[in-house]
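The block underneath contains the structure these notes are about, expressed in structure tokens.
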Amino acid sequence: MIHLATLAQGQIYSQFYDKLVPVTGVPWLLFTILKMLVVFTVIMVGVAMLTLAERKISAWIQDRIGPNRTGYGGLLQPAADGLKNIMKEETYPDAANMKLFILAPMLSFIPALITFAVIPFASPLSTKWGLVEMSVANLPIGFLYILAIASLGVYGVVLAGWSSNNKYSLLGGLRSSAQMVSYEISMGMAAVAVLLLSGNVSLQAIVSQQQAMGWNIFPLLIGFFIFCVAAFAETNRLPFDLPEAESELIAGYHTEYSAMKFSMFFIAEYSNMVTASALMVTLFFGGWDIPGTQWDNIPPWTVLKFLITGAVFFGKLLSFIFVFMWVRWTLPRFRYDQLMSLGWKFMLPLALCYIVITGGAVLGLDMLGVSRSVQWFGIAPFWAALGVLNLVLAALVFVVLDRGRIISPAYSRLSARQVAHLRAISAGRSLVAPQGD
Amino acid sequence: MPIQVKVLERPVGEASYVRAMLSGMALTFKHLMNPHKKTEQYPEVKWALSPRWRGTHRMLTDETGKAKCVACGLCPQICPANCIKLVPGEDEEGNRYPLVYEIDEFRCIFCGYCQEVCPEEAIHVGRHYENSEYSREGFVYDLERLTSQTHPVCEMWDPDDPKGE
């Protein structure tokens, strides 16, 4: 652990925290309220626009046009949908447990929104009252906060499924709880690798470490893969949308919901997606870091720097959201057994092994004295060494994962020999005796 | 006792999920970037109807503006949906004309038999399909409504000119 104290990231880290005085007192309170309002507004408006983006992207993928009647290019469609959802009749099933039925959308909606609070979304801003951190709450245990709050989201879904008193809803809720519990473990485990590398659970520190050494995506490629798959499962997006599975469960846990309550679940899903994307950007893609320059990592913290880094962060975030949507409109849903075997038989052991391997590698490289700071061609040797290790691991992982070992496509071309074999089996089982002598 | 599950022997070892997934993603991305634009913007752009399209009925009129119908009763006779109501009348000169001629467009199956059977080429099915009303009663078209419509009528199939040339 001695080596951790002498990390290169420490230089930037100390510039960040020691030389500039953070804002305190009344200005701190006002700035925090302002940040809360801005982040809340941006997320709510963003979520509304994301519903439009989802419909547009799905339309283009399916060679359609998508909503284009309300406003220019359908831009007012979210407003029309929102208005419709507010005006619609709320239906309450007679057999529902009314208190929990009303509580469930809130429990789903609130954790989805407040997870974003700890994510640093831009470089800090230097004001005459002091340095303003650009996250709503710069918690020193930011990552643990996210894990804690994100796992609360499942309560909303499970309670919605249970309180509706409807068998489809209940099945959706059950599936959701099983899925979220399964994948939450591997998600947390995958992120431990990031913590091993940064030596800190503060998200701001994780960003600083990546600014100093290079983004985590390369040295923690497998970790990113596990985290990404788990994030898809956590947000109930395809190919893991078993809780709502339209074809099997009508709409799953929100079958009985209508109007604004249904909309709450929708907003929660999209906010979860935003938070998961933000988390992936922060943990693996350098947060608000601009690649290829150190200009954004050092003081002075001007307004221009704040705006540019913020734009870069949201650009990365939107590209992840695009991947979420792209995957949704491409991949079919997993079967329940595939979901469980992927979660428990593959992701969890892989994540555990990965912690051991990464921990060993980080310790070994530090003991060998491999430098974490940028040396040749803007590449840190430490970063490159871990990256190569991960590439080797990735090759192994995809060989194990693929070709019917863990997951398989439902169909592949049959060879003539296999067709003959299958015919022989079905001939033997047929109820009608073969014709002839 | 365990549930009997039929297990199909699929050669899954030869198919790669990762490769299938990536090729699927590539395909959707290709469509996303370069969609096949097939959609027609309906109310503004309308599909060209076939000359033999059988839609909303039209009653043709003679030069004086009277309906050509002679109330022979063939169309209600042949109508398989029984949607034509005809009450015949006769004037002083002995010319028959319809006192009541109503077609229920809700019941009609648009087979076009009424047009085929009409000896006076009076009743026609038309090349028109946008008929919406605020009430069910509005779909019962009376003689006045049938004669006042102006859309083109269906060209029936002619055995001598099968391709309509």
**Request:** Go through segment A:145-172 and give me each residue that's more than 20 Å from A:S182 (Cβ to Cβ) and under 20 Å from the mean Cα position of the chain (by Cα).
**Result:** A:Y145
**Message:** With the requirement that a residue be within 30 Å of A:V207 (Cα to Cα) and either at pLDDT 85 or above or of a type in the set (A, V, I, L, M, F, W, C) (or both), what does segment A:141-171 give you?
**Reply:** A:I141, A:F143, A:L144, A:Y145, A:I146, A:L147, A:A148, A:I149, A:A150, A:L152, A:V154
**Asked** Residues of segment A:267-284 being among the β-branched types (V, I, T) and within 11 Å of the chain's Cα centre (by Cα), which ones?
**Response** A:V274, A:T275, A:V281, A:T282
**Item:** Every residue from segment A:53-70 that is polar (S, T, N, Q) and within 9 Å of chain B (Cβ to nearest Cβ)
**Value:** A:Q62, A:N68
**Fill in**
Residues in segment B:58-106 that are aromatic (F, W, Y) and in a strand (DSSP E or B) total 2
**Message:** Could you go through segment B:83-95 and let me know if any residue there is closer than 30 Å to B:E44 by Cα, free of Cβ contacts under 8 Å to residues at least 60 places away in the same chain and out of contact with any helix residue (DSSP H, G or I) (no Cβ under 8 Å at 6 or more places or on another chain).
**Reply:** no
**Request:** Kindly indicate whether B:V70 is touching a residue at least 40 places away in the same chain (Cβ under 8 Å) and in contact with an Asp or Glu (Cβ under 7 Å, 6 or more places away or on another chain).
**Result:** yes
**Request:** Please go through segment A:202-227 and pick out each residue that is under 15 Å from the mean Cα position of the chain (by Cα) and closer than 15 Å to A:I290 by Cα.
**Result:** A:I217
**segment B:111-125: number of residues that are on the phi > 0 side of the Ramachandran plot and surrounded by 14 or more Cβ atoms within 10 Å (Cβ to Cβ)** = 1
**Asked** For segment A:271-325, what are the residues that are of a type in the set (S, T, Y) and in contact with an Asp or Glu (Cβ under 8 Å, 6 or more places away or on another chain)?
**Response** A:T309
**Request:** Using the structure shown, decide if A:P111 is more than 30 Å from A:W295 (Cβ to Cβ) and within 31 Å of the chain's Cα centre (by Cα).
**Result:** yes
**Request:** Output the qualifying pairs, or none if there are none: Cβ atoms under 6 angstrom, residues six or more apart or on different chains, first residue in segment A:311-332 and assigned to a helix (DSSP H, G or I), second residue among the polar types (S, T, N, Q).
**Result:** A:L317/A:S277; A:F320/A:S277; A:I321/A:S277
**Request:** Determine, yes or no, whether A:L304 is among the aliphatic types (A, V, I, L, M), in a helix (DSSP H, G or I), more than 21 Å from B:T28 (Cα to Cα) and within 11 Å of chain B (Cβ to nearest Cβ).
**Result:** no
**Item:** Scan of segment A:50-80 for residues that are surrounded by 14 or more Cβ atoms within 10 Å (Cβ to Cβ), of a type in the set (A, V, I, L, M) and within 30 Å of A:V118 (Cα to Cα), ordered by number
**Value:** A:L50, A:L52, A:A53, A:I57
**Request:** Within segment A:267-289, identify whether any single residue is more than 30 Å from A:W376 (Cβ to Cβ), at pLDDT below 85 and hydroxyl-bearing (S, T, Y), and answer yes or no.
**Result:** no
**Complete:** Selection over segment A:230-260 where residues are of a type in the set (S, T, Y), crowded, with 24+ Cβ neighbours inside 10 Å and either in contact with a Ser or Thr (Cβ under 7 Å, 6 or more places away or on another chain) or over 24 Å from A:I86 (Cβ atoms) (or both) yields a count of 2
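Yes/no matrix, rows are residues, columns are (1) among the hydrophobic types (A, V, I, L, M, F, W, C); (2) at pLDDT 85 or above; (3) buried (at least 17 other Cβ atoms within 10 Å of the Cβ); (4) touching a helix residue (DSSP H, G or I) at 6+ places or on another chain (Cβ under 7 Å):
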{"position": "B:S16", "(1), (2), (3), (4)": "no, no, yes, no"}
{"position": "B:L22", "(1), (2), (3), (4)": "yes, yes, no, no"}
{"position": "B:E44", "(1), (2), (3), (4)": "no, yes, no, no"}
{"position": "B:D62", "(1), (2), (3), (4)": "no, yes, no, no"}
{"position": "B:C69", "(1), (2), (3), (4)": "yes, yes, yes, no"}
{"position": "B:C75", "(1), (2), (3), (4)": "yes, yes, yes, yes"}
**Asked** Can you pull out the helices (runs of 4 or more DSSP H) entirely within segment A:343-437 that have at least 2 residues that are closer than 17 Å to B:V18 by Cα, modelled with pLDDT of 85 or more and more than 11 Å from chain B (Cβ to nearest Cβ)?
**Response** A:381-401
**Prompt:** If you check A:P111, A:P67, A:P78, A:P93, which single one turns out to be closer than 20 Å to A:L50 by Cα and not in a helix (DSSP H, G or I)?
**Reply:** A:P67
**Asked** Where in segment A:215-286 are there helices (runs of 4 or more DSSP H), lying wholly inside it, with at least 2 residues that are within 28 Å of A:V312 (Cβ to Cβ)?
**Response** A:221-234, A:259-284
**Asked** Any idea which residue in segment A:325-335 is nearest to the other protein chains (Cβ to nearest Cβ), counting only those that are farther than 14 Å from B:L32 by Cβ and surrounded by 15 or more Cβ atoms within 10 Å (Cβ to Cβ)?
**Response** A:L331
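To keep it simple, each residue is scored yes or no on (1) free of Cβ contacts under 8 Å to residues at least 24 places away in the same chain; (2) at negative phi; (3) touching a helix residue (DSSP H, G or I) at 6+ places or on another chain (Cβ under 8 Å).
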position: A:N97; (1), (2), (3): no, yes, yes
position: A:L100; (1), (2), (3): no, yes, yes
position: A:I114; (1), (2), (3): no, yes, yes
position: A:K128; (1), (2), (3): yes, yes, no
position: A:M134; (1), (2), (3): no, yes, yes
position: A:N138; (1), (2), (3): no, yes, yes
position: A:N166; (1), (2), (3): no, yes, no
position: A:G172; (1), (2), (3): no, yes, yes
position: A:V181; (1), (2), (3): no, yes, yes
**Subset of segment B:82-93 [surrounded by fewer than 14 Cβ atoms within 10 Å (Cβ to Cβ) and either under 18 Å from the mean Cα position of the chain (by Cα) or within 10 Å of B:C114 (Cβ to Cβ) (or both)]** = B:N82
**Message:** When you check A:L100 against the structure, is it part of a helix (DSSP H, G or I), over 24 Å from the mean Cα position of the chain (by Cα) and closer than 29 Å to A:M36 by Cβ, yes or no?
**Reply:** yes
**Message:** Where the second residue is in a loop (DSSP other than H, G, I, E, B) and basic (K, R) and the first is without any contact (Cβ under 8 Å) to a residue 60 or more places away in the chain and lies in segment A:61-73, which pairs have Cβ atoms under 9 Å and are six or more apart or on separate chains?
**Reply:** A:D63/B:K37; A:D63/B:K38; A:R64/B:K38; A:I65/B:K37
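The values are calculated or read from the model by the stated rules, or taken from the named source; none is laboratory data. These numbers were taken from a predicted model, which means no experiment stands behind them. FYI the Cβ positions are ideal-geometry reconstructions off the backbone, even for glycines, and counts take in every protein chain you see.
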